[in-house]
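Engineer: This is the structure I have questions about; it appears just below.
The values are calculated or read from the model by the stated rules, or taken from the named source; none is laboratory data. Model, not experiment: these values are computed from the prediction. Don't worry about glycine lacking a Cβ; one is built from the backbone with ideal geometry, like all the others, and counts go over all protein chains shown. Accessible surface areas use protein heavy atoms only, side chains included; no ligands, DNA or RNA. Shrake-Rupley method; radii C 1.70, N 1.55, O 1.52, S 1.80 Å.
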Amino acid sequence: MLFDSGVGGLSVYDALRVALPDAPVIYAADFAGIPYGTKSEAEIAARVAGLLGRMSERFDPRLICIACNTASTIALGTVREVLEVPIVGTVPAIKPAALASKSGVIGLLGTQATIRQQYVDDLEREFAVGKTLHRHAAPGLVDEAERKLRGQAVNRAVLAEALQGLSEDSKGIWIDHVVLGCTHFPLLAEELMDVAVSELGWSPDTRFVDGAIGIARRIADRLDGQEFAKTGDNHFVITGPIERAAGLDAALSARGFAPALPF
C-alpha cells in the first residue's frame, strides 16, 4: 500500500511499477487532510498513525510505503511503533545530490514542515559535509502537481517563484542539483527544468533529483522472494468526499487503477 496526502505518491508508484510490475497496489490519498505541510508535527503524527492503523486492519497489506516526505520525516517512527506490517518511508534525496554535485551547492524544495525537520538536519550533516544546502518552502508546487494530474494547466509563475526563492538564498552561486523534497514535486520535473532554463537562465546542466527509484528498490528488497499475481486493476481510495477525486480518472486509468473509492 502507498499512502500520501494526495497524488504525489504516484511518482513513487511509477518507479515501483518498474521494480515490481506484477505487484497489486492499493493507493490511499488523504484528501481530507491535505495539505500536510502547514500542519503541526503533532497533528501529522496523530493523523497518519491513526489512518494507517485503520487502513492496515481493512486492507491487510504486505507492506506500507509512506510516500510523503512530510509524513515520513514526522510520523515514520510512530507508525513503526504501532504497526507490525513493514513500513518504508521517504526522505529527501540529499545523499545522491551531494555525491553528484560539482559546484558543492544544493537546493532543497519541500513543504514548510519538511524543510524544518531535524531529520533533514541530520541528512545534511551526514551526507553533505563540505557542501552548502539551501532550503526553500514551496507549498504551491503541491497544488500545481495536483492540478497537472487532473489535466489542468500548470501555473508556471508558481514554479518560477519557487526556483527564484532558491536562487535568492544561494546569492548567485550556481545550484547544480535541486532535491525535490516532496513526492508531488517530481510530477513537475519537466516543467521545473523548462522554467529554470528558459525563464530564469539556469544552466541546462542543472539536475532535479528525487528518491522515487531508491524507494521502489527498497520496497522490492523488503518484498524479495514473495510471489505476486496481478489479476485486476489497482485500487485508489481517498478520505473525504469522493468529489475530491474529480478529474483524476485519466491519470489513474493510465496507471492501471480503477476509479477512486471513498475510505
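Engineer: List the residue pairs whose Cβ atoms are under 7 Å apart, where the first residue sits in the range 89-108 and is closer than 18 Å to Asp205 by Cα, the second is open to solvent by less than 10 Å² (accessible area, probe 1.4 Å) and of a type in the set (D, E, K, R), and the two are 6 or more positions apart or on different chains.
Structural biologist: Ser101/Asp176; Lys102/Asp176; Ser103/Asp176; Val105/Asp176
Engineer: Further question: Mind telling me which of the residues Arg47, Arg54 ends up being open to solvent by 10 Å² or more (accessible area, probe 1.4 Å), over 18 Å from Cys182 (Cβ atoms) and modelled with pLDDT of 95 or more?
Structural biologist: Values: Arg47 fails: over 18 Å from Cys182 (Cβ atoms).
Unique residue meeting the criteria: Arg54.
Engineer: While we're here: With a cut-off of at least 2 residues that are surrounded by 18 or more Cβ atoms within 10 Å (Cβ to Cβ), name the helices (runs of 4 or more DSSP H) lying wholly within the range 176-263.
Structural biologist: 189-198, 212-222
Engineer: Go through Asp4, Asp22 for me and flag whichever is buried (at least 24 other Cβ atoms within 10 Å of the Cβ) and of a type in the set (Asp, Glu).
Structural biologist: Details: Asp22 fails: buried (at least 24 other Cβ atoms within 10 Å of the Cβ).
Being buried (at least 24 other Cβ atoms within 10 Å of the Cβ) and of a type in the set (Asp, Glu) holds for just one of Asp4, Asp22, which is Asp4.
Engineer: Within the range 57-86, restricting attention to residues that are of a type in the set (D, E, K, R), without any contact (Cβ under 8 Å) to a residue 60 or more places away in the chain and within 23 Å of Asp221 (Cα to Cα), which residue is surrounded by the fewest Cβ atoms within 10 Å (Cβ to Cβ)?
Structural biologist: Among those that are of a type in the set (D, E, K, R), without any contact (Cβ under 8 Å) to a residue 60 or more places away in the chain and within 23 Å of Asp221 (Cα to Cα), it is Glu84.
Engineer: Look at Ile26 and say whether it is of a type outside the set (Ser, Thr, Tyr) and out of contact with any strand residue (DSSP E or B) (no Cβ under 9 Å at 6 or more places or on another chain). Can you show your working first?
Structural biologist: Details: of a type outside the set (Ser, Thr, Tyr): yes; out of contact with any strand residue (DSSP E or B) (no Cβ under 9 Å at 6 or more places or on another chain): no.
For Ile26, the condition - of a type outside the set (Ser, Thr, Tyr) and out of contact with any strand residue (DSSP E or B) (no Cβ under 9 Å at 6 or more places or on another chain) - is not met.
Engineer: Looking only at the range 6-36, count how many residues are closer than 9 Å to Ala67 by Cβ and in a loop (DSSP other than H, G, I, E, B).
Structural biologist: 2
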